[in-house]
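Report on the structure given below.
The values are calculated or read from the model by the stated rules, or taken from the named source; none is laboratory data. Owing to the predicted nature of the structure, the values given are computational and were not obtained by experimental measurement. Positions of Cβ are backbone-derived with ideal geometry, glycine not excepted, and every protein chain shown enters the neighbour counts. SASA here: full protein model, heavy atoms, side chains in, ligands and nucleic acids out. Shrake-Rupley method; radii C 1.70, N 1.55, O 1.52, S 1.80 Å.
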Amino acid sequence: AVVSTQSTGVYDVQYKDCPMVQSDEEKAQTILRWCLKEPHHPLYHALGEAQHNFFYRLNTLDKKMYMGNADERDVLRPGVAAELEMISDDIMNYFRNILTVLHGCYPLLKELSQDGQYATSNELARNFYSPFLKLLVKMFATSYEEEHTLYQSYLHRNASLSVEHYLDISENFKVDYSVAIATLRKLGDTHTPEEKMALLVQSNQEIPECVYNHHIASGVSEEKAREVSCMGADDLVPVTIYLIAQANIPDLYPELLMLYSVTPEEKLKGREGYCLTNFQNAVFYLIEEQRSFLALE
């Protein structure tokens, strides 16, 4: 990346000039704010150049798609999708490298991140993604326009249906999922991939919790409630489809595509990847269901 770890001595923060800074978290906030806002800091310029580069590449793709007619866009779409994947990969690698340099230059940031006291990556991501995240999601929607349209038409057709109307959900799982739905709806208020992923994980975890709480309230034993709330994929996917329809997030499909493309492989192998896969499977299933529904009309 642009900033060498040799910069530590040159670009150290002088805490003696910040008498109000006391805790390690406050020090971390001061370091990161200084790196992102100080025009003389190399990271300030490195991020600015990267943001300009990624916005320009995405904007060029956007113009390419909308300058042609429908037939021309269909011809361009596979190539644009492939280029979008390359841009997403560059975004992921650049962000990871910048974060590595930050942790190398300022060990306190790495130490607090590992302890869970200060989310350096999320704070950095808020700044890094702000100029182009919406455009990135838009380009995924454009590149997969047919699937996105089917997804949105499914929402329009099913958003008002209660859980009782979902025949694929067994009786044990026809419960109140308002807590998990409310969490999922917050996705539209987030500004970074990390925040979006955290909400997916939280909503996914709240599904069995809703089942457990429902059965406890109905008077069954804790052991029985825990047993019922252990959901396999065959039970989880239909419930997740119901959550998605109720949350009624118009751009959830391209948001999921974006998350998969900018999330490092090591995270995709863990809890985040499991939850993301569950939501992707649910969206893919409902898209095919909508496609079949329209074919029968």
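For the reader, a short list of remarks on this structure follows.
- Overall form of region 179-234 per C-alpha gyration tensor (a/c, 1.5; a/b vs b/c): prolate
- Cα gyration tensor category, rounded, prolate or oblate, for region 37-181 with a/c compared to 1.5: oblate
- In order through region 29-44: 3J(HN,Hα) via Karplus (6.51 cos²θ - 1.76 cosθ + 1.60), integer Hz, x for Gly, Pro: 4, 5, 4, 5, 4, 5, 4, 8, 10, 7, x, 8, 7, x, 5, 4
- Extension gain for the segment A182 to T100, taken as residue separation times 0.36 nm less the Cα-Cα distance, is 26.1 nm to one decimal.
- Portion, in percent, of the accessible area of region 45-97 that falls on carbon or sulfur, probe 1.4 Å: 56
- Relative contact order of the chain, defined on C-alpha pairs under 8 angstrom at six or more residues apart (%): 21
- Length gained when the stretch E288-E223 is fully extended (0.36 nm per residue, less Cα-Cα span): 19.7 nm
- Surface composition of region 151-297: carbon and sulfur atoms hold 52% of the protein heavy-atom accessible area at a 1.4 Å probe.
- Charge dipole of region 59-195 (Cα centre as origin; +1 on each Lys and Arg Cβ, -1 on each Asp and Glu Cβ, all else neutral): 380 debye, rounded to the nearest 20.
- Rough spin-label spacing in nm, given labels placed 7 Å along Cα→Cβ, for T60 and E171: 6.1
- Per residue, the accessible area of region 129-268 comes to 46 Å² when a 1.4 Å probe rolls over the protein heavy atoms.
- Using Cβ point charges alone (K and R +1, D and E -1), the dipole size of the chain about the Cα centre works out to roughly 760 debye.
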